[in-house]
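The structure appears below as structure tokens.
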Amino acid sequence: MGNLFNMDNGFFTALSKICDILILSVVWVVVCIPIFTIGPANTALYYATVKVIRRERGYLIREFFKSFKLNFKQGAIIGILLTLVTFFLGFDLLWAWINQESFRLGSALFGIFIAMSVMMLCISIYIYPILSRFEMTIKQIFKAATLMSIRHLPSTIGMMLIIAASALGIFFIPILLFVLPAAATYLISLLMERVLKKYMPESQGPGEETGKDEWYLE
């Protein structure tokens, strides 16, 4: 009976993670409301999910806003760029779909725009995790995201399926918007971290000696 009420047992650990996922999802939704903050919010969501919920390091809200502030400028610019590309591709897809029969190249263009949309989604999956982990220029981030998405295609496909399932879940059950952002990020991180670790420099030694917390290598 003693272990039943032990806060370190599996049940309470899982319950704590679920509560953190709910809290983080709600914070993410609120921070995303201004729209132009979507980029830094996505970056902070990944950072806090991996560091606090998975690695159990630091405090959830503090780590979220730490990353949010640190990556605000680059994240905002990237978020705006991706939003504009999304609207552009969405408009092109709608136009091509409507004109598939009346326009000779409508079907071909529709297929091209679908391929471009899938490619953009593959790249965008990697962008915010990369921003949360590495110090790069925006150009370097997009280049690295493109290369990783192609080089680690099986992982990319797996993460795309998670995002697709989450999007469908939110579409049919809107209340899941306050659950699935962090939950999907948690699942994505299981694949993403395997990829990112391949590009991380080797550990410089224990934190007590180097003064650097390399929690992401654990």
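Taken per residue, the accessible surface of segment 146-192 reaches 55 Å², heavy atoms only and a 1.4 Å probe. Suppose R0 equals 30 Å; then what is the FRET efficiency for residue 86 and residue 216 from their Cβ-Cβ distance, rounded to the nearest 0.05? Calculated value: 0.55. Extension gain for residue 118-residue 36 works out to 27.3 nm (0.36 nm per residue, less the C-alpha to C-alpha distance). Site-free segments of the chain were taken between trypsin sites (Lys or Arg not before Pro) in DSSP loops having at most 15 other Cβ atoms within 10 Å, sites themselves excluded; the longest one is 105-211. Principal-axis analysis of the Cα atoms of the chain puts helix 10-32 at an angle of about 50° to the longest axis. Labels on offer are [x] 23.2; [y] 22.5; [z] 18.9, and the one holding Kirkwood radius over Cα pairs in Å computed from this structure is [z]. In degrees between 0 and 90, to the nearest 10, how far off the longest principal axis of the chain does helix 180-196 point, with axes built from Cα atoms? So the inclination is approximately 80 degrees. Of the chymotrypsin sites (Phe, Trp or Tyr not before Pro) found in segment 78-172, the ones in coil according to DSSP and having at most 14 other Cβ atoms within 10 Å of their Cβ are 103, 134.
Taking the C-alpha atoms only, the angle from helix 38-48 to the longest principal axis of the chain is near 30 degrees. In the full protein context, segment 52-125 carries 66 Å² of accessible surface per residue, based on a 1.4 Å probe and ignoring ligands, DNA and RNA. Summary value for the chain: 23 percent relative contact order, contacts being C-alpha pairs under 8 angstrom separated by 6+ residues.
Calculated mean residue ellipticity, 222 nm, the chain: -24000 deg cm²/dmol, from DSSP H runs (n ≥ 4) at -39500 (n - 2.57) each, averaged per residue and rounded to 500. Going 7 Å from the Cα of residue 26 in the Cα-to-Cβ direction, what parts of segment 143-185 have a backbone nitrogen less than 18 Å from that spot? Answer for segment 143-185: 174-184. With 0.36 nm allotted per residue and the present C-alpha distance subtracted, the residue 59-residue 138 stretch has 25.6 nm of extension available. Give me the percent of the accessible area of the chain that comes from carbon and sulfur atoms, probe 1.4 Å, all protein chains in place. Of the solvent-accessible surface of the chain, carbon and sulfur hold 71 percent.
The values are calculated or read from the model by the stated rules, or taken from the named source; none is laboratory data. Given the structure is predicted, the values throughout are model-derived calculations rather than measurements. Note that each Cβ is placed from the backbone with ideal geometry, even for glycine, and that neighbours are counted across all protein chains shown. Side chains are part of the model used for accessible areas, which takes the heavy atoms of the whole protein and leaves out ligands, DNA and RNA. Shrake-Rupley method; radii C 1.70, N 1.55, O 1.52, S 1.80 Å.
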